[in-house]
Structures are given as structure tokens and as C-alpha cells.
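The values are calculated or read from the model by the stated rules, or taken from the named source; none is laboratory data. Because the structure is a prediction, the values reported are computed rather than measured. Here the Cβ is made from the backbone with ideal geometry for all residues, glycine too, and neighbour counts use every protein chain on show.
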């Protein structure tokens, strides 16, 4: 499908150029090379290039900036951006300037091929549009071309909506369910579903289904047999099967099929499925977008876990100095989650508590031992130093960009509802709700635990104290909810 395409590969890494060049030449493409922006512009003057695969970081000209120059001199030349570092701002800037797609290195050749096929379709549309403008004399031809143009515009609009819908998926939505919803909304099918193989691999079990009329999938949809030719085709170059009035297409994650998308169309009068082959392109695009979403989540979760492991290692270091800290953090986490559940906070806020609470005293690693481990009450000067632990904790956590919002929760978990807390003297609802929840649980655990300079208080006495401080030290609604938990006999 891409044979004969003239492609310019622009990258400051010769190894990347060689790998891409070899792959594309094997697929019948004519390859040109450039290692910087100036070389790329010279090559574009000499050669009739159809597609430019352009690295974002070049030694002389930023790849994003270079798009403008390419589009002015060669408006029908398609540009595919490539980078080793994902930044949403790069993607937005590149698309605004006319880039056709954005690939993250290292990218799979299957994905590259799909992008190349789509980009060539878009380029052909642009060329057809120019041809229409040059041949306005023939009315019938114009009408015919306009119909074809409308079809192409509809196709491009559909592709845009598919991308837009995937980009709007939030972290709490199920990608598989969303994928099937997008399939049902995009294609003219009576029903569709995402299936996973059973343990023996002979049947497919429905995970998420969608029907045109909104009804539940029929019973015979819950488990379906795997067509024999699907087992072979799914691992071949074609990777989909059209059988009767159904399309079967595998979903690949890191090169391995993990499940199958199946669509079913209404049969026309002749008993032949309507436009099934035309649906394959969009179905593959949807599967590719879903695969990217899932892989990005896997990468994000892996990175997130590594960062949390690092932060928890710092807490362990504090524990070696102060044995109270580790048990305290665990207890406050359990209390905060239970209190958040009672208050009806969002799933996102619960996740924030799960991340922040185990390390909310992270900043104590910056407090000197003579103050942190002092068995007596702290002096005013020492207490001022101890207060700085919330700022230290934020500084440590905010160095990890993806935890910048969570770092604010640590900073403000010692603020008071009346504005007399620290470090920023925030008051009322200006204090993040997760910080207000942690503040109550933090205070309870401090009062219920024996410390070298004082004995633990009785639970009833603590509950009365927390209620008394509602509206001054604590959010009154949160204080009341916590007191209700205690009175209901909740055990942490």
C-alpha cells in the first residue's frame, strides 16, 4: 500500500535513519536522508518528497518550527513527527502547524505502517482538492469530484473524531469499554464487542458490548467460537478476518494479541454484509489508538510505582531514626481512606490519599535528630524548625513532575480551618480537602499514641477534643464525620 512512496527521514541519529530506511525500502519506498534541518530543506528543493518523518530535536532547527517552512513550500507534503520524549505541548503545536501524526520512539513498525497508510490517504485528498480547483470547467466532473470530496471529508472527519474521543478518555475510564463505544458510534454496525480468549483458547468471552439500539447483547453473544482462519490470520500480516457479516480484529499490546474486537453488520437483500471491508480501516485505527492508550497507562503506572517506591524508601530512612513515623503513616492512611469514604469524596481524591498518606511525613528527613528525636516537648524555636517538614515534603515530592499536585497536599496538611496553621495560613475551603482529611486523622493518631513526653488520651476524650476544634483547627463537617466513625465503633 505504500510501495513507491518517496520519503525523507530527518533525524540527527544515523542509526535511526538506517533502521527506518531499511524497513521502508523493504516495503518498496524510495528513501532520502537528512541529519539536520538545513539538509532537509535542501533535499526538499531537489526531490518531490511525499512524506517527511521528522525528529523534534535537531541540531540546528527545532522540528516543530521546521513544519512551517515545509508546509509553505510543499503544502501537500505530509509530515510525521517523531520524538523519544512525550510532551503533550509538542503534540498540540505540531498538529496546529499541519503535522499529520506524532510517533513516540521507539515505535513499532506495524503502527508506522498504519500511520503511513492513513497519511497517504490524507495527502491524496489534498491533491484531489487541488485538482478540483484546477478543473472547474467541467460541471459534471465537478459534481462527481465534489461527491468524492465529501466522502473524503467525511472520512477525515471520522478519523478526527476517533482521535478526539480517545484523547478525551480520563484515567478512571475503562479503555476497553470506551473503545467498543467508539466502534459502535463510528461504524454502521448493529452490534460490536470486545472479547478475550478463554483459558483453552477455543472460545471468546465478551468483556464489553455495544448495540445500535442500546439493548444488552444477546445470550449467544456472551461466548462465541473462534473462527479457524482467525487463529492463523491474526498472527499474519493481514491481522483481521471478514467472515459472513462479521469482522474479527485482534487488539495487540506490545506485539501480542490480548483480545479481539468483533463487529456485526446487518445483511442486505443479497445476503452480503454492507461495507465490511470499508470498516476495516477505521476499526484498525480505533484498535491502534486503544493499544496506544493502554500501553501509555502501563508505562505511566510503572513510572508511578517506581517513584512511590523511591519515596517510601525515604520514609524507611526516617523510620530508622524515628520508629513512630512508619506506623503513624500507615494508621493515618487507613483512617483517611475510611473518613473519605464516609464523606463521599471522589475516586480521584481517594487515589490521592492512597499516594500521599503513606509519605505525608516525608519532609521529616530534613529535620535534625536533636529535634526529631527529642523526648521532651519542643521549644518554640525547635517547633518552628519541625513545622518546616511539610515544606520539605512538598519540595521532595514536587521534583517528580507527575506528583506536583499531590505534593501540595503534603504542604498543606498542617493548615488550620481558621487560617492559623502553617506554612501558608490557608483557611476554609482554600485548603485541599485531602489535606483537611489528613489533618484530622493525623491529630487523632498523635493523641491516641503514647509519646515520650506524654501519655495517650482516651478515645472519648479525643473525640470530644476534635469536635471542640471543629471550625477552628478542623473543618467542622470533617470533624463531625470523623466523630461519627469513632462512635460507630470503626476500627482502623
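Go through the residues of region 126-139 one by one and say whether even a single one is within 18 Å of residue 159 (Cβ to Cβ), out of contact with any helix residue (DSSP H, G or I) (no Cβ under 6 Å at 6 or more places or on another chain) and at pLDDT 80 or above.
no
Limited to region 164-177, what total is found for residues that are surrounded by 15 or more Cβ atoms within 10 Å (Cβ to Cβ) and touching a residue at least 40 places away in the same chain (Cβ under 8 Å)?
Here the count works out to 4.
Only one of 433, 410, 365, 438 is under 23 Å from residue 314 (Cβ atoms) and surrounded by fewer than 20 Cβ atoms within 10 Å (Cβ to Cβ). Can you tell me which?
Just one listed residue meets the conditions, 365.
Would you check which residues across region 392-407 are surrounded by 17 or more Cβ atoms within 10 Å (Cβ to Cβ) and in contact (Cβ under 8 Å) with a residue 24 or more places away in the chain and list them?
392, 393, 394, 396, 397, 400, 403, 406
Among the listed residues 95, 43, identify the single one that is in contact (Cβ under 8 Å) with a residue 12 or more places away in the chain and either under 15 Å from residue 9 (Cα atoms) or not assigned by TED's automatic domain parsing to the domain that holds residue 251 (or both).
On the way: 95 fails: in contact (Cβ under 8 Å) with a residue 12 or more places away in the chain.
The match here is 43.
Please enumerate the residues belonging to region 366-396 that are more than 21 Å from residue 425 (Cβ to Cβ) and under 32 Å from the mean Cα position of the chain (by Cα).
Within region 366-396, 396 is the sole residue that qualifies.
Within region 398-422, how many residues are assigned to a loop (DSSP other than H, G, I, E, B) and under 14 Å from residue 388 (Cα atoms)?
The qualifying residues number 6.
Give me the pairs, please: first residue somewhere in region 246-264 and in contact (Cβ under 8 Å) with a residue 12 or more places away in the chain, second residue anywhere and surrounded by fewer than 14 Cβ atoms within 10 Å (Cβ to Cβ) and not in a strand (DSSP E or B), beta-carbon distance under 8 Å, and either six or more positions apart or on two chains.
Here the result reads 253/298; 257/235, each pair linking region 246-264 to a residue that is surrounded by fewer than 14 Cβ atoms within 10 Å (Cβ to Cβ) and not in a strand (DSSP E or B).
How many residues are modelled with pLDDT under 85 and under 23 Å from residue 311 (Cα atoms) if we restrict to region 367-397?
3
Among the residues of region 1-49, what is the count of those that are touching a strand residue (DSSP E or B) at 6+ places or on another chain (Cβ under 9 Å) and not in a helix (DSSP H, G or I)?
Total satisfying the criteria: 22.
Restricting to region 51-68, give me the number of residues that are surrounded by 15 or more Cβ atoms within 10 Å (Cβ to Cβ) and either more than 29 Å from the chain's Cα centre (by Cα) or free of Cβ contacts under 8 Å to residues at least 12 places away in the same chain (or both).
Residues that pass the stated criteria total 1.
Look through region 69-86, keep the residues that are in contact with a helix residue (DSSP H, G or I) (Cβ under 9 Å, 6 or more places away or on another chain) and in a loop (DSSP other than H, G, I, E, B), and return whichever of them is surrounded by the fewest Cβ atoms within 10 Å (Cβ to Cβ).
Taking the candidates together, the pick is 75.
Given the structure, is residue 444 in contact (Cβ under 8 Å) with a residue 40 or more places away in the chain, assigned to a loop (DSSP other than H, G, I, E, B) and out of contact with any strand residue (DSSP E or B) (no Cβ under 8 Å at 6 or more places or on another chain)?
No: the conditions fail for residue 444.
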